Amino acid sequence: MDKLKAQIAEVADLIRNSEKVLVFTGAGISTESGIPDFRGADGIWSKYDPEDFTIQKFMSDKRARKLHWDLLSDGDLSMFKADPNPAHHAITELKNTGKLYGVVTQNVDGLHQKAGLPDEMVLQLHGDLSHARCLDCGSRFPMQTVVEWIGADIDEPVCENCSGMLKPDAVLFGEQLPFEVLSEAEQRSRDCDLCIVLGSTLSVYPASLIPRYASEGGAKLVIINLGPTELDSWADIRIEGKAGEIMPEIVAGVGK
Ligand code: NAD
Ligand code: ZN
């Protein structure tokens, strides 16, 4: 058996022997759905100024808001058009084995839910660009609907219920992470018995604390990523490869 096959079988074994499997995902799980990572050569920060993506700028500058809505409707942030890939589907299948304790994700693409996971299983640390929220009444709308409200003479969509200002439901620079989501993720990380990281450099704080807490709490740590991560030396099993190829094989192996 080659090394990769042996590692895949080993992770399937770990899952079989676990009760609470926590999956932690980053931008790398969605590249096979056509959504680029932010930091690569073609990444979003190579084209746009991060200064335009602060909460202060969004609230105070109509031009910055127009940039957001343009990118969300038909540009680099129109993630609602993407479909989940085999890695997302494999995680949903893992739920059907009864072992999945939850998914903690740094992603804002909503693809875990699109692959069939219920909202309460997905802890979105950085929010969700597949929805927009009204800053006045809190109503939440699918992004696909919201961008249809933008027309030739409308730069900025407004809330259908109260005409309040809408904001993409992701965490902007300068905004706090959603407290309840973060504490729920922290609690599950300390309580899980296996944590599987997929497609993250584990370099964004405080999200990267989640797999660290899991390992400190005695859980096994599996990291599946293309390229190095900050926690490689902590991993019990470190697989170099594509999430969409490796994860379905692992989940298929659990039933064997
Ligand atoms: P990152 O960009 O720091 O790391 C992604 C890692 O995934 C890289 O090491 C890359 O080599 C690897 N990778 C790429 N394709 C892969 C594949 N098919 N299989 C396995 N690994 C693959 O990502 P991060 O740690 O999530 O941090 C990025 C930040 O940007 C997060 O805060 C996140 O919210 C945000 N972001 C989200 C999305 C999204 O929602 N899809 C996309 C880009 C960025
Ligand atoms: Zn409203």
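Taken together, the values in this text are just the output of simple stated rules run on the coordinates, not laboratory data. In this text the structure is predicted, and so the values were computed from the model without any measurement. Neighbour counts are summed over all protein chains in view; Cβ atoms, including those assigned to glycine, are modelled from backbone coordinates with ideal geometry.
General remarks:
- Kirkwood-Stokes translational diffusion coefficient of the range 111-230, alpha-carbon pairs, 37 °C, 0.692 mPa s, µm²/s: 199
- D (Stokes-Einstein, µm²/s), Kirkwood Cα radius, the range 12-104, 0.890 mPa s at 25 °C: 155
- Fraction of beta bridges assigned by DSSP in the range 87-166 that are antiparallel (%, nearest 5): 65
- Out-of-range pairs (alpha-carbon distance over 22 Å; input Lys114/Lys220; Lys57/Lys114; Lys114/Lys256; Lys95/Lys220; Lys99/Lys256): Lys114/Lys220; Lys57/Lys114; Lys114/Lys256
- Separation of alpha-carbon centers, the range 1-18 and the range 28-59, rounded to whole Å: 34
- Length gained on full extension, Asp76 to Asn161, computed as 0.36 nm times the residue gap minus the Cα-Cα distance: 27.8 nm.
- For the chain, alpha-carbon Rg over 2.2 N^0.38 Å: 1.04
- Close amide H pairs (under 5 Å, H built 1.01 Å from N) link Val104 with Val23, Phe24, Thr25, Leu123, residues at least 5 positions away or on another chain.
- Nearby aspartates and glutamates by direct alpha-carbon distance to Lys20 (threshold 13 angstrom, same-chain neighbours under 8 apart not counted): Asp191, Asp193
- Summing Lys and Arg as +1 and Asp and Glu as -1 over all other residues whose Cβ lies under 13 Å from the Cβ of Ser33 gives a net charge of -1.
- Neighbourhood charge, 12 Å Cβ-Cβ cut-off, centred on Gly253 and excluding it, Lys, Arg +1 and Asp, Glu -1: -1
- When you count the other C-beta atoms within 10 angstrom of each residue and take the mean per peptide, 224-230, 27-33, 133-139 line up highest first as 27-33, 224-230, 133-139.
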